[in-house]
Amino acid sequence: MSMEAGKRVVVTGATGNVGTSVVAALAQDPQISSVLGLARRVPGWSPPKTQWASVDLAQETDLVRHFEGADTVIHLAWAFQPTHDPVKTWRTNVHGSLQVFRDVSAAGVPALIHASSVGAYSPGPKDRPVDESWPTHGWPEAAYCREKAYLERVLDSFEVRNPGVRVVRMRPAFLFKEESGSEQRRIFAGRFMPGQLASPRAVPVVPDIPGLRFQALHTDDAAQAYRIAVTEDVRGPFNLAAEPPVGAAELAGLLDARVVRVPRPAARTLLAAGWGLRLIPASPQLFDAVLRLPMMDCTRARAELGWRPERTALEAIAEMLKGMRGGSGMDTAPLAGRRAS
């Protein structure tokens with residue numbers, strides 16, 4: 001059943017890969033009357049019905065003034081780096097989220113939509129999908145998974161203490177769009193990686209590593225699930241992913257490359273060396289986690305949200321690769337475009 005119109009929505013992390021898509025989707029929905037985007041740096045981007053406020057969750061001690069009068073808070077803010085300083089990311093991601101949850105309760109906001117992740121899931125099967133009942137204990141060695149899993153436990157307690165708050169947990173697969181190409185190159189590959197390496201035939205081989213099979217989704221498609229969850233009376237966790245699952249063969253097809261079998265220890269050793277020398281931001285622990293992530297069943301999102309992704313997983317990845325090649329971005333600090341030649 002649809003809820004009443006005229007929703008006022010606050011979005012944390014509103015200027016990143018997911019935030020820009022969520023804000024744009026909300027701004028286009030006639031049931032949304034206003035959007036307040038919270039970010040560390042106010043962007044030049046000005047979508048309809050949207051206002052901005054500068055907030056740093058690592059430092060903020062009172063969000064109530066921003067949340068008062070809101071019908072929904074969508075919590076997206078997240079720091080992926082520095083991967084060599086897990087205390088710093090814990091301060092932003094965990095302490096910042098605790099502040100958000102406390103102040104949602106203090107401000108009397110009736111709905112909280114939290115950006116969890118496939119990364120919150122415990123290791124699981126690659127040959128069959130699992131639904132939202134799969135354990136969410138993450139992969140403890142990877143900071144990203146550890147933090148996402150910890151917040152799942154926090155929300156378990158939050159829901160018991162705040163039965164009047166409608167809590168939704170989105171658990172999307174890896175999220176890509178063209179405008180995020182520059183940001184994702186900086187976050188995962190490093191600012192010195194040439195953008196042209198994302199071009200077809202520039203990479204001659206794709207390593208086929210045991211366990212390298214994952215799901216992806218276009219960020220704009222994920223944003224539609226968030227938008228629906230604002231306007232519909234739903235609660236609980238929702239898996240979000242597009243077809244098909246992606247492995248070495250699919251990546252090789254996108255890059256017009258050959259597939260070469262590589263033992264997992266050899267691939268991890270190379271990645272660990274690059275990370276240890278601070279040449280690659282993505283940690284070997286995150287690599288370990290990706291190889292263990294389960295495939296997700298998205299039946300619940302289709303049935304209860306009426307959600308269907310409009311793009312395939314391969315189309316989402318292809319867009320991101322295009323953005324990496326061209327230095328695509330937006331007029332926000334996280335998505336600042338930057339060509340890497």
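Applying the criterion of being polar (S, T, N, Q) and assigned to a loop (DSSP other than H, G, I, E, B) to the residues of the range 1-57, the residue that is nearest to residue 329 (Cα to Cα) is 15. Inside the range 286-341, residues that are within 18 Å of residue 221 (Cα to Cα), small (Gly, Ala, Ser) and more than 17 Å from the chain's Cα centre (by Cα) make up a count of 4. When the range 71-83 is limited to residues that are in contact with a Pro (Cβ under 9 Å, 6 or more places away or on another chain) and assigned to a loop (DSSP other than H, G, I, E, B), the one that is modelled with the highest pLDDT turns out to be 71.
Contact map, the range 138-157: residues that are on the phi > 0 side of the Ramachandran plot paired with residues that are of a type in the set (A, V, I, L, M, F, W, C) and assigned to a helix (DSSP H, G or I), Cβ distance under 7 Å, separation 6+ or inter-chain. Pairs shown: 138/120; 138/145; 138/149.
Pick out the one residue from 250, 319 that is among the acidic types (Asp, Glu) and out of contact with any Lys or Arg (no Cβ under 7 Å at 6 or more places or on another chain). Give the derivation first.
Values: 319 fails: out of contact with any Lys or Arg (no Cβ under 7 Å at 6 or more places or on another chain).
Answer to the check: 250.
Of these, 58, 77, which one is in the same structural domain as residue 222 (by TED's automatic domain parsing) and either over 19 Å from residue 222 (Cα atoms) or touching a Cys at 6+ places or on another chain (Cβ under 6 Å) (or both)?
Step by step, each of 58, 77 is checked, and only 58 is in the same structural domain as residue 222 (by TED's automatic domain parsing) and either over 19 Å from residue 222 (Cα atoms) or touching a Cys at 6+ places or on another chain (Cβ under 6 Å) (or both).
Of all residues in the range 11-33, those being more than 24 Å from residue 309 (Cα to Cα) and either basic (Lys, Arg) or buried (at least 18 other Cβ atoms within 10 Å of the Cβ) (or both) number 0.
Among the residues of the range 92-105, none qualifies, meaning not one is surrounded by fewer than 20 Cβ atoms within 10 Å (Cβ to Cβ) and either touching a strand residue (DSSP E or B) at 6+ places or on another chain (Cβ under 6 Å) or part of a loop (DSSP other than H, G, I, E, B) (or both). Within the range 173-207, being at pLDDT 75 or above and of a type in the set (S, T, N, Q) holds for 180, 182, 184. Of the set (1) closer than 30 Å to residue 232 by Cβ; (2) not in a loop (DSSP other than H, G, I, E, B), all apply to residue 332 but (2).
The values are calculated or read from the model by the stated rules, or taken from the named source; none is laboratory data. All values reported here derive from a predicted model rather than from experimental measurement. Cβ: placed from backbone, ideal geometry, glycine included. Neighbour counts: every protein chain shown.
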